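Have a look at the structure below, then the notes.
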Amino acid sequence: MRFKRALREVRKDGPRASLEALETLLRAKPPRVHDLFKAAFEEKLAHRGPKVKLTSTIHVTNVCRIEPKCAYCGFAAGTSPEGYYKPFERDYDEIAEAAVAIEEAGIPRVSCSGAYRGDGGKLAVVAARAVKENTNLELLINFGPDLSEGTIAELARLGVETVCCNLETVNRELFRRLKPGDSFEARLEVCELVCRYGIDLSSGLLVGIGESPRDRAEHLRFLSRFDTLAEIPVMGFNPYPGTPMEDHPRCPLLEQAKVMAVARLAYPDVMITAPTPTIGPEEVEVALMAGADNLATVIPDNHPHEVKGVGNPRTGNLERVVELVRSVGLEPELRTGGGEACATSCSKPRTRSTRHLN
Ligand code: SF4
């Protein structure tokens with residue numbers, strides 16, 4: 001199929017466009033990539049405006065009971081000397097302290113993530129309470145498939161805006177090979193439960209792990225089944241030393257950005273997320289030009305924890321990210337005191353003590 005026809009079809013039909021049309025765009029080469037990014041950027045401005053959401057991170061635990069570990073994982077305890085390596089679990093006060101610091105820095109949103117402890121996500125509830133009882137931050141919870149229905153119901157009750165459960169790839173054979181201890185069906189079930197409880201769903205793709213452009217096209221279509229789909233994170237593979245995939249090549253930035261662009265065209269009203277560790281903290285402009293409207297793992301200088309990115313230990317520093325967003329003529333969404341979102345600069349930090357309501 002010719003590029004222009006594919007572009008017209010995806011713009012018109014969104015995720016219901018033919019796989020051929022989606023794949024044609026995903027396979028775009030220069031100079032067509034320029035046209036693809038131009039169209040994606042236009043859609044971003046038309047549907048999402050000039051603002052760019054910033055999302056910070058609190059890692060709640062890296063204790064993962066999945067065995068064997070996923071082949072690319074450098075996050076779970078014991079997987080990579082460049083990751084956290086040592087096991088940790090953060091308590092209510094530690095999470096609240098970090099959340100307050102993030103809010104004081106002006107960042108409007110935080111992601112609290114944890115690994116698979118196998119208890120249905122008990123720490124997810126602790127994290128949600130710590131954030132919601134002490135700040136006005138928007139909150140995303142990501143505990144992978146380790147969320148029971150009871151936990152999801154409790155997260156809904158606590159006013160958690162978004163729950164993330166990444167499928168990574170819809171190529172089941174590849175999923176089984178790289179994630180032999182994980183379960184695609186369990187992840188799918190969590191996504192469906194999140195929708196059933198009316199919480200915004202975030203579910204993304206890990207690009208560059210051996211999947212084909214057709215797999216990526218199928219994945220983008222697959223996501224349309226989720227009623228509350230509100231965010232698509234597009235991660236790019238980076239090899240973590242010491243893991244079974246340490247010699248697998250890094251996902252080229254252009255491949256990752258093309259998936260963002262096609263996701264933007266297929267889902268013009270959905271948040272498209274570029275995690276700064278996997279796009280490369282200095283390369284966020286490429287993601288923005290490809291239509292992304294949320295930069296994740298943005299870490300302010302006052303963050304009390306050492307944060308290592310999932311997929312890559314480097315993270316985006318708040319000040320630098322703000323500079324880069326402005327350099328492409330977009331507006332980083334920052335908050336002034338009192339929790340009001342604005343698109344200007346950070347306000348003076350507020351002092352606020354954490355409330356422990358246990
Ligand atoms: S990717 Fe997630 S589920 Fe897989 S080993 Fe790492 S922490 Fe565990």
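Bear in mind that the values in this text are calculations on the coordinates, not laboratory data. Worth saying up front: this structure is predicted, and the values here are computed from it rather than measured. Every residue, glycine as well, gets a Cβ built from its backbone with ideal geometry; the counts of neighbours run over all protein chains shown.
A compact table of results
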read-out	value
Flag for Thr243 being within 16 Å of the ligand (Cβ to nearest atom) and farther than 13 Å from Thr55 by Cα	yes
The one condition in (1) under 20 Å from the mean Cα position of the chain (by Cα); (2) more than 16 Å from the ligand (Cβ to nearest atom) that Gly83 fails to fulfil	(2)
Residue that is nearest to Gly74 (Cα to Cα), among those in region 187-246 that are in contact with a Phe, Trp or Tyr (Cβ under 9 Å, 6 or more places away or on another chain) and polar (S, T, N, Q)	Thr243
Neighbours by Cβ (under 7 Å, 6+ apart or cross-chain): first from region 134-149, assigned to a loop (DSSP other than H, G, I, E, B); second hydrophobic (A, V, I, L, M, F, W, C) and surrounded by fewer than 22 Cβ atoms within 10 Å (Cβ to Cβ)	Pro145/Ala186
Qualifying residue in region 47-70 (condition: away from the ligand (no atom under 16 Å from the Cβ) and either in a loop (DSSP other than H, G, I, E, B) or under 19 Å from Cys251 (Cβ atoms) (or both))	yes
The lone exception for Ala287 - which of (1) surrounded by fewer than 19 Cβ atoms within 10 Å (Cβ to Cβ); (2) of a type outside the set (Phe, Trp, Tyr); (3) outside any loop (DSSP other than H, G, I, E, B) it fails	(1)
Among the candidates Arg11, Arg48, residue that is touching a helix residue (DSSP H, G or I) at 6+ places or on another chain (Cβ under 7 Å) and among the charged types (D, E, K, R)	Arg11
Cβ-Cβ under 7 Å pairs, at least 6 apart or on other chains, region 63-78 side of a type in the set (D, E, K, R), far side more than 6 Å from the ligand (Cβ to nearest atom)	Arg65/Arg117; Arg65/Gly118; Glu67/Gly181; Lys69/Thr79; Lys69/Gly181
Failed item, numbered, when Val131 is tested on (1) more than 16 Å from the ligand (Cβ to nearest atom); (2) among the β-branched types (Val, Ile, Thr); (3) under 30 Å from Glu97 (Cα atoms); (4) not in a helix (DSSP H, G or I)	(4)
First in region 19-32 and more than 17 Å from Met260 (Cβ to Cβ), second anywhere and among the polar types (S, T, N, Q), Cβ under 6 Å, 6 or more apart	none
Qualifying positions in region 28-43 - crowded, with 19+ Cβ neighbours inside 10 Å and either among the charged types (D, E, K, R) or part of a helix (DSSP H, G or I) (or both)	Leu36, Phe37, Ala39, Ala40, Phe41, Glu43
Test: residue in region 194-202 that is within 29 Å of Tyr240 (Cβ to Cβ), surrounded by 15 or more Cβ atoms within 10 Å (Cβ to Cβ) and within 16 Å of the ligand (Cβ to nearest atom)	yes
Total residues in region 150-169, condition in a loop (DSSP other than H, G, I, E, B) and of a type outside the set (Gly, Ala, Ser)	7
Region 214-254, residues that are part of a helix (DSSP H, G or I), surrounded by fewer than 23 Cβ atoms within 10 Å (Cβ to Cβ) and under 17 Å from the mean Cα position of the chain (by Cα)	Leu223, Leu253
Any hit, region 168-178, residues being within 16 Å of the ligand (Cβ to nearest atom), surrounded by fewer than 19 Cβ atoms within 10 Å (Cβ to Cβ), at negative phi and in contact (Cβ under 8 Å) with a residue 24 or more places away in the chain	yes
Residue within region 185-200 that is within 21 Å of Lys69 (Cβ to Cβ), of a type in the set (Ser, Thr, Tyr) and either in contact with a His (Cβ under 6 Å, 6 or more places away or on another chain) or assigned to a loop (DSSP other than H, G, I, E, B) (or both) present	no
Out of Ala261, Ala186, sole residue that is more than 19 Å from Val298 (Cα to Cα), among the hydrophobic types (A, V, I, L, M, F, W, C) and within 14 Å of the ligand (Cβ to nearest atom)	Ala186
Residue that is surrounded by the fewest Cβ atoms within 10 Å (Cβ to Cβ) [pool: residues in region 81-114 that are charged (D, E, K, R) and farther than 24 Å from Glu331 by Cβ]	Lys86
